[in-house]
1. Quick one: would you say residue 25 is free of Cβ contacts under 8 Å to residues at least 24 places away in the same chain, within 20 Å of residue 167 (Cα to Cα) and exposed (fewer than 13 other Cβ atoms within 10 Å of the Cβ)?
2. Using beta carbons and a limit of 7 Å, which pairs, at least six apart or on different chains, have the first residue in region 71-99 and without any contact (Cβ under 8 Å) to a residue 12 or more places away in the chain and on the phi < 0 side of the Ramachandran plot and the second one crowded, with 16+ Cβ neighbours inside 10 Å and in a helix (DSSP H, G or I)?
3. Identify all residues within region 109-118 that are closer than 16 Å to residue 180 by Cα and either in contact (Cβ under 8 Å) with a residue 60 or more places away in the chain or out of contact with any helix residue (DSSP H, G or I) (no Cβ under 8 Å at 6 or more places or on another chain) (or both); write none if there are none.
4. If we scan region 48-60, do we find a residue that is in a helix (DSSP H, G or I), within 21 Å of residue 124 (Cβ to Cβ) and without any contact (Cβ under 8 Å) to a residue 40 or more places away in the chain?
5. Does residue 85 qualify as being surrounded by fewer than 17 Cβ atoms within 10 Å (Cβ to Cβ) and assigned to a loop (DSSP other than H, G, I, E, B)?
6. Of these, 36, 13, which one is under 21 Å from residue 181 (Cα atoms), surrounded by 13 or more Cβ atoms within 10 Å (Cβ to Cβ) and modelled with pLDDT under 95?
7. Quick one: is residue 71 out of contact with any strand residue (DSSP E or B) (no Cβ under 6 Å at 6 or more places or on another chain), at pLDDT 95 or above and in a helix (DSSP H, G or I)?
8. I'd like to check which helices (runs of 4 or more DSSP H) are fully inside region 91-163 and have at least 1 residues that are within 30 Å of residue 75 (Cα to Cα) and over 16 Å from the mean Cα position of the chain (by Cα).
């Protein structure tokens, strides 16, 4: 690990601020597709963990669902506001997994970002997020808190897919972006 990652200063604050700004800007496109916003947010959370530290990744994990609600709240978020803390927790699962499973292998100096081991740990990290959100939001929270008479019940299968399988897919896409970005950064540093 680089010495700059062991301290927290202006550079780390700037990186975290830039990643937060990217997350917020991406949320204006949330109504187009979760496959635009989701991967960008997951990328920023993982980059915050890998390039700065775990607390910065957790900060993004907590802030982004709140800004998503403020910018473009979905009908399910409005109907079940309790979903917001569970989205935060799902993001935190991704951040913690990235810290403990990915950081050492990906950020090692002199080693390539893309390796079989790093790809496997990235997929496992994405799967942990998808599984957590699938179990807590898709299988418990939504069926429990969306009233039987609500018109949202007709879209329950869509919501359940969105908060399980789609979370895994968007996290995997985000990991691809992470690999691309970190490969470019490492190549730039070696020039």
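1. Answer is yes for this residue.
2. Listed pairs, sorted by first residue: 77/69; 77/83; 77/84.
3. Correct list: 112, 113, 114, 116, 118.
4. Yes.
5. Spelling it out, it is not the case that residue 85 is surrounded by fewer than 17 Cβ atoms within 10 Å (Cβ to Cβ) and assigned to a loop (DSSP other than H, G, I, E, B).
6. 36
7. No; evaluated as a whole, the condition is false for this residue.
8. Those helices (runs of 4 or more DSSP H) span 142-145, 156-162.
The values are calculated or read from the model by the stated rules, or taken from the named source; none is laboratory data. These numbers come from a predicted model, not from an experiment. Quick reminder, even Gly has a Cβ in these numbers, built from the backbone with ideal geometry, and neighbours come from all protein chains shown.
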